[in-house]
1. Measure off, as a whole percent, the carbon and sulfur share of the 1.4 Å-probe accessible area of region 1-74, all protein chains present.
2. Restricting attention to the chain, which GluC sites (Glu not before Pro) occupy a DSSP loop and are surrounded by at most 13 other Cβ atoms within 10 Å?
3. Straight-line reach from Lys24: which aspartates and glutamates fall under 19 Å, measuring Cα to Cα and dropping same-chain residues less than 8 apart?
4. What FRET efficiency comes out for the pair Met72/Asp20, r = Cβ-Cβ distance, R0 = 25 Å, nearest 0.05?
5. With the crude spin-label approximation of a point 7 Å out along Cα→Cβ, what separation in nm comes out for Ala27 versus Lys6?
6. Within the chain, what percent of beta bridges assigned by DSSP are antiparallel, to the nearest 5?
7. Heavy-atom accessible area per residue, the chain, 1.4 Å probe: how many Å²?
8. Tabulate in residue order the Karplus-calculated ³J(HN,Hα) for region 56-65, using 6.51 cos²θ - 1.76 cosθ + 1.60 with θ = phi - 60°, rounded to whole Hz; enter x for Gly and Pro.
Amino acid sequence: RPVWAKYRNELLPLNQDSFDAIDKSLAIIVLEDTAPENPDEVLLQICGGDGSNRWFDKGVQLIVFKNGLSGMNAEHSPA
């Protein structure tokens, strides 16, 4: 988290409106380039993929794959 906080602070001045919209949103929709072919691959992608296009600070991420499959990653602590 300290590394992410550092980069967020560097990005914030030029991207304030985008960060405000993300911070106020209820969920994030991830349009994933991958196309998992079986339930194991779907699970691995939903749990985080390579992490490069996920927003784990947001409680709910709706993930839609290139082949039309979808899933959800949710922060379970509040539940």
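1. Of the solvent-accessible surface of region 1-74, carbon and sulfur hold 60 percent.
2. Those satisfying the criteria are Glu37, Glu75.
3. Hits, sequence-local ones excluded: Asp57, Glu75.
4. That gives a FRET efficiency of 0.55.
5. 3.4 nm
6. The antiparallel fraction comes to roughly 55 percent.
7. Normalised by residue count, the accessible surface of the chain is 75 Å².
8. Taking θ as phi minus 60°, the curve returns 6, 6, 8, x, 9, 10, 9, 10, 10, 8 Hz for region 56-65.
The values are calculated or read from the model by the stated rules, or taken from the named source; none is laboratory data. Keep in mind that what you see is a predicted model, and the values were worked out from it rather than measured. Cβ coordinates were reconstructed from backbone atoms using ideal geometry, including for glycine residues, and neighbour counts include every protein chain displayed. With ligands, DNA and RNA removed, areas are computed over all heavy atoms of the protein, side chains included. Shrake-Rupley method; radii C 1.70, N 1.55, O 1.52, S 1.80 Å.
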